[in-house]
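Reading through the structure tokens given below for one structure.
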2 protein chains.
Amino acid sequence: MSDKVPTIKVIAKKLGLSASTVSRALNDHPSIGLKTKTLVKQLAKDLGYEPNQTAIFFQKRKTFTIGVVLPKLSETFFSEAISGIEDFASMNKYIVFLGQSHDDEEREKKIIESMKNHRVDGIISSISKNTTNYAHFEMLKKYDIPIVFFDCIPPIENINSVECDMVEGTIKAVSFLLKKGYRNIGLINGPHKLLASQQRLEGYRIAINKNRLKFDPNLVINTDLSTKGTHDAMAEFFSHKRTPTGIITFNDYVALDAAQFAFQRNKTIGKDISFVSYANLPINSYMAYPPLASIEQFPYDQGKRAMEMLLGILESENKSDTNKGFRIKIETELVLNSHQNSGRIFS
Amino acid sequence: MSDKVPTIKVIAKKLGLSASTVSRALNDHPSIGLKTKTLVKQLAKDLGYEPNQTAIFFQKRKTFTIGVVLPKLSETFFSEAISGIEDFASMNKYIVFLGQSHDDEEREKKIIESMKNHRVDGIISSISKNTTNYAHFEMLKKYDIPIVFFDCIPPIENINSVECDMVEGTIKAVSFLLKKGYRNIGLINGPHKLLASQQRLEGYRIAINKNRLKFDPNLVINTDLSTKGTHDAMAEFFSHKRTPTGIITFNDYVALDAAQFAFQRNKTIGKDISFVSYANLPINSYMAYPPLASIEQFPYDQGKRAMEMLLGILESENKSDTNKGFRIKIETELVLNSHQNSGRIFS
DNA sequence: CTGTTAGCGCTTTCAG
DNA sequence: CTGAAAGCGCTAACAG
């Protein structure tokens, strides 16, 4: 049955034309007579002709394919992001390859390798937390495969990136709590080595200084992001004489764990102690003790913008120029928690 | 720079060999001398040679690519499922194309079309809720592109599918509540037309009969899955003389909305009234009023199994035979809610 | 063990 | 306006 898939040649033969004429007719080449053009198109339709893209890709050195490499889709942030990427890509006739690194450098490398071999036109990636060697990304230059990083960005010169300004986001969070009347503001930060943690800390310090408070190192504790790590951090807070009452947490899960801990210590969440976190997961409205507010990072939008940037690069002919890299900073937004269930189905 | 990407020909010329010899050497063809083989491989390495997959795909009529078409990744169920698909695919040298239908038949059609043109080796799909015409799927036969459906499966004969046995799952749910001592068991079901709803209803009826209770139509109400729809359903329950105390809900979100409503009516969740739902989202542990239990559907596993099935089909040479379609039913599991935060990061 | 030839399906000069 | 020919990079008979 598969042999019956019609090719351009078959059409040519049936019509007593040459393959090139058929090709041109199908592609609306200006120098083709209307008569033959319609003739060809009609037969193509009747035969159910479909161009063999693999042949076209091969020939044109262009696959209309872009690769997306990120840690894991089970994180809402990333599934939202790739959703944005895919939506925008498909609008522009591109199709998306998916690869999950699971925060493993080896896997990330293999995926990049595989995508390169598949000759993707470009790549969008949020790198693995554990990646320390970036050769697999640099290598892409040799193949003229542009790459746009988002969210988790490697320390390489002149790269294209889309990211949130977490420094500024954290300043917003601190200001919010201050305005609410909290004076002792703590930070439960993520692992030191994450750039994301560093940015939060920086924003925290700036905000503290700007408001003429003095930075108290006891008010900043790191968690490994596990429930236990967060509970430990809270325990430490409570063991100090100066216990923070307004706490900024690395993300929503940390906020939930922290709130749980505070609750067990008989604190009234939202009164004795309040939280502000990042991510703004669409589940906060169902939480027992949701954070007062979250710093929304717009993952869907980040994905969309990254795709947009990549398309721009792909479409600008002057590649291989002295490109210093494009950079977009997306403004975060502090949103009060009030999510809606939008009728999702889990059949 | 891109012109420097070395080809098999370049290697052949530099070594005074023929292209075919080089090709064979690179592919460990048995009939190649060790000397030349190592020679070729060495030079290939030095030159940084990488095969052009598009050429190979074109030539071999095989792309090592599979397409995944599903409603939307922002639903946890699907992001988990594709995660399973991708993991298993990459283990087997396949790469995954992603397409989101957003429950729109037109988009689904376009995606399938596009994937077919990209000559994917196979497709895995959970169809759009609004798809009524299945021609775009049937058409794939003509191109020898096998397809495996999971979760949401079209009413077509002889197809390959992986799905959960929701009838049996619902029976488990009812039995659980009965064992807990609840006698008035209600069902907040999804939209009528969904197969998923029909299966739940069937399971519900079977369980009621099996336990020698009599089926009371007042105890079954449908919701459009919105928060309001669910609240309305609950209001109706409460307006009856016989208000259910154990309620099975279409999914976790419905359970949460329903619980919220009950709470507002001053019911004590887990005592006055209890819920059992489906999906078992990894957020239940943070919920104010989580359902007592959830029917776990193992989306990651469903994805993995679907991919496994597809690989099996791809590898069995005897295609185009009188295949009646493969079917896998995955057993659901009733799990009590006690999820763990596993250290997720939302930087 | 290796070279020659042909060809996958399509596009694209270059002629006419 | 259309045809002939070449070729994208690689593999696979078919000969030697």
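Estimate the FRET efficiency between residue B:315 and residue A:271 by the formula 1/(1 + (r/R0)^6), using the beta-carbon distance for r and 45 Å for R0, to the nearest 0.05. Can you show the working numbers first?
Numbers: r = 62 Å, r/R0 = 1.38.
According to the calculation, E is roughly 0.15.
Simple rule: put +1 on each Lys or Arg Cβ and -1 on each Asp or Glu Cβ in the protein assembly as shown, find the dipole, and look at B:239, B:174, B:206; the Cα lying farthest toward the positive end is B:206. Here chain B is treated with +1 on each Lys and Arg Cβ and -1 on each Asp and Glu Cβ, and its dipole about the Cα centre works out to around 620 debye. With its label point put 7 Å out from Cα toward Cβ, residue B:217 sits 7.3 nm from the same residue's point in the other copies, in order from shortest. Extending 7 Å from the Cα toward the beta-carbon at both residue B:324 and residue B:210 defines two label points whose distance is 2.6 nm. Simple point charges give the picture: +1 on the Cβ of Lys and Arg, -1 on the Cβ of Asp and Glu, and for the protein assembly as shown a dipole about the Cα centre of about 820 debye.
Decide, for the protein assembly as shown, between rounded, prolate and oblate: order the square roots of the alpha carbon gyration tensor eigenvalues as a ≥ b ≥ c, take rounded if a/c falls under 1.5, and otherwise choose prolate if a/b is larger than b/c, else oblate. Note, shape of the protein assembly as shown comes out oblate. Of A:13/A:35; A:110/B:35; A:13/B:141, which sit over 20 Å apart, Cα to Cα? Beyond 20 Å between Cα atoms: A:110/B:35; A:13/B:141. Positive-end ranking of A:226, A:76, A:330 along the dipole of chain A, with charges on Cβ about the Cα centre, is headed by A:330.
Straight-distance candidates among the aspartates and glutamates for linking to residue A:60, with alpha-carbon spacing under 19 Å and chain neighbours fewer than 8 residues away dropped: A:28, A:50, A:121, A:144, A:315, A:317, B:3, B:50.
In debye, nearest 20, what is the charge dipole magnitude of region A:166-297 about its Cα centre with +1 on Lys and Arg Cβ and -1 on Asp and Glu Cβ, if you could check?
Values: 16 positive and 10 negative charges, 122 e Å.
Computed charge dipole of region A:166-297: roughly 580 debye.
Can you give the relative contact order of region B:166-297 as a percent, counting alpha carbon pairs under 8 Å and 6+ residues apart? Walk me through the numbers before you get to the answer.
Working: 218 pairs, mean separation 32.5, N = 132.
Rounded, it is 25 percent for region B:166-297.
In which sequence would A:231, B:29 go, from the one with the fewest C-beta neighbours within 10 Å to the one with the most?
Numbers: A:231 17, B:29 12.
Lowest to highest Cβ neighbour count: B:29, A:231.
Label-to-label distances for residue A:27 across copies, nearest first, come out at 2.8 nm, using points 7 Å from Cα in the beta-carbon direction.
Averaged over the residues of A:250-258, the number of partner chain Cβ atoms lying within 10 Å of the residue Cβ comes to 4. Please work out how much length the chain gains when fully extended from residue A:195 to residue A:20, using 0.36 nm per residue of separation minus the C-alpha to C-alpha distance, in nm with one decimal. That pair, residue A:195 and residue A:20, stretches by 57.5 nm at full extension.
Which of B:174, B:68, A:254 comes first, and how do the rest follow, when ranked by fewest Cβ neighbours within 10 Å? Mind showing how you got there, number by number?
On the way: B:174 24, B:68 29, A:254 33.
Neighbour counts put them in this order, fewest first: B:174, B:68, A:254.
State which entries of A:179/B:228; A:129/A:228; A:93/B:329; A:41/A:93 exceed 31 angstrom in Cα-Cα distance in the structure shown. Over 31 Å apart, Cα to Cα: A:179/B:228; A:93/B:329. Protection proxy ranking, highest mean first, for peptides A:197-210, B:76-89, A:88-101, B:208-221: B:76-89, A:88-101, A:197-210, B:208-221, where packing is the per-residue count of other beta-carbon atoms within 10 Å, averaged. On full extension, the segment bounded by residue A:91 and residue A:183 gains 28.2 nm, given 0.36 nm per residue less the C-alpha separation.
Tilt of helix A:34-47 relative to the longest C-alpha principal axis of chain A, in degrees (0 to 90, nearest 10)? So the helix axis and the longest Cα principal axis differ by about 70 degrees. Along the axis of the charge dipole computed for chain A (Cβ charges of +1 for Lys and Arg, -1 for Asp and Glu, origin at the Cα centre), the listed residues A:253, A:38, A:188 are led at the positive end by A:38. The amide H of residue A:149, built 1.01 Å from its N in the peptide plane, has A:125, A:160, A:161, A:162 as neighbours under 5 Å, considering only residues 5 or more places off or on other chains.
Go through A:304/B:193; B:109/B:324; A:37/B:62 and tell me which ones have a Cα-Cα distance over 26 Å in this structure. Over 26 Å apart, Cα to Cα: A:304/B:193; A:37/B:62.
Bear in mind that the values in this text are calculations on the coordinates, not laboratory data. Values in this document were obtained by computation on a predicted structure and should not be read as measured data. Cβ sites come from the backbone with ideal geometry, for glycine too, and all protein chains shown count toward neighbours.
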